[in-house]
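The values are calculated or read from the model by the stated rules, or taken from the named source; none is laboratory data. Here the structure is a predicted model, which means the values were calculated and not measured. All Cβ positions, even for glycine, are placed from backbone atoms using ideal geometry, and neighbour counts span all protein chains on display. In case anyone asks, the SASA skips ligands and DNA or RNA and just uses the protein heavy atoms, side chains included. Shrake-Rupley method; radii C 1.70, N 1.55, O 1.52, S 1.80 Å.
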Amino acid sequence: MKRKKKINNILVHLFLSVLAIIWVSPLFWIILTSFRAQKGAYTSSFFPKKYTFDNYIKLFTDTGILNFPRMFGNTLFIAICSCIISTFFVLSVAYCMSRLRFRLRKPMMNIAMILGLFPGFMAMIAVYYILKAVGLSEGSMIRVALILVYSGSSGIQFYIAKGFFDTIPKTIDEAAMLDGATKWQVFTKITIPLSKPIIVYTVLTTFIAPWVDFIFARVICRANADYYTVAIGLWQMLEKEYVDSWYTCFAAGAVCISIPIAVLFIFMQKCYNESMSGAVKG
């Protein structure tokens, strides 16, 4: 019996190891490609024959054709602003739906669920013409337009946060209100400190969205290259006129854009672990 259990454990670990290799291999390959000295999209070997840092140097210095530093700065600014606004919207709507009772609460929740079934890019043409009508489709206002696009409808994604708020006993809110606290004070001083795990999740998802989005950024930016995001920049590096000389820089860019997300994840994971350990101690 013990021997059979041991064999099963070995098989499970072997299976998980194979899955881990399959999952990690594309990441490993893109990192190797970012240091590859040979140009072009195709090579005869998996491992580069020569390694160099020139791809990263070219990515941040050769700005005549593709200005990656500016794209990176645009995306970082848009991501930070969208993250702050979206997190506030999501947590506020989720708290209202979890704690408050009003006449249209259930219809609004049902409508939000139905709208969530449809991808956002279905409305991109309408969104573009609305932004154009209010003067947000040209010049520096493009950044504002993208922030509005990424954060404007974020409140509709409240279901996960609402589910977390539902697990917090309402008796805590009632006790605070008996002591004279307002609903805003209950939300900011009691509920939010107890909700760090869902805040971490919300911050991560709302920050990643501008980094990975291509469709809305392409439609809104159009030919305004000064306001391109990294998704558009990396896509341009794979166009036929640039792919031969910029392919390895594309790999370097893919590595670079993962750094802010990784740093944020590590930092927020630390906050999550501290909040969970504090909850256990309490």
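Tabulated data
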item: Test: residue in the stretch 127-138 that is outside any helix (DSSP H, G or I), at pLDDT 85 or above and either in contact with a strand residue (DSSP E or B) (Cβ under 9 Å, 6 or more places away or on another chain) or open to solvent by 60 Å² or more (accessible area, probe 1.4 Å) (or both); result: yes
item: Breaking point among (1) at pLDDT below 85; (2) surrounded by fewer than 17 Cβ atoms within 10 Å (Cβ to Cβ); (3) more than 26 Å from residue 107 (Cα to Cα), for residue 219; result: (1)
item: Meets criteria (open to solvent by less than 40 Å² (accessible area, probe 1.4 Å) and either in a helix (DSSP H, G or I) or in contact (Cβ under 8 Å) with a residue 40 or more places away in the chain (or both)) for residue 90; result: yes
item: Residue that is nearest to residue 216 (Cα to Cα), among those in the stretch 237-253 that are touching a residue at least 12 places away in the same chain (Cβ under 8 Å) and open to solvent by 30 Å² or more (accessible area, probe 1.4 Å); result: 238
item: Answer from 32, 16, 27, 11 - the residue that is open to solvent by 60 Å² or more (accessible area, probe 1.4 Å), in a helix (DSSP H, G or I) and closer than 23 Å to residue 236 by Cα; result: 27
item: Residue satisfying all of: in the stretch 41-77; within 22 Å of residue 214 (Cβ to Cβ) and of a type in the set (Ser, Thr, Tyr); most open to solvent (accessible area, probe 1.4 Å) among these; result: 63
item: Among residues of the stretch 93-126, those that are under 24 Å from residue 219 (Cα atoms) and part of a helix (DSSP H, G or I), counted; result: 9
item: Flag for residue 259 being modelled with pLDDT of 85 or more, farther than 18 Å from residue 64 by Cα, surrounded by fewer than 19 Cβ atoms within 10 Å (Cβ to Cβ) and of a type in the set (A, V, I, L, M, F, W, C); result: yes
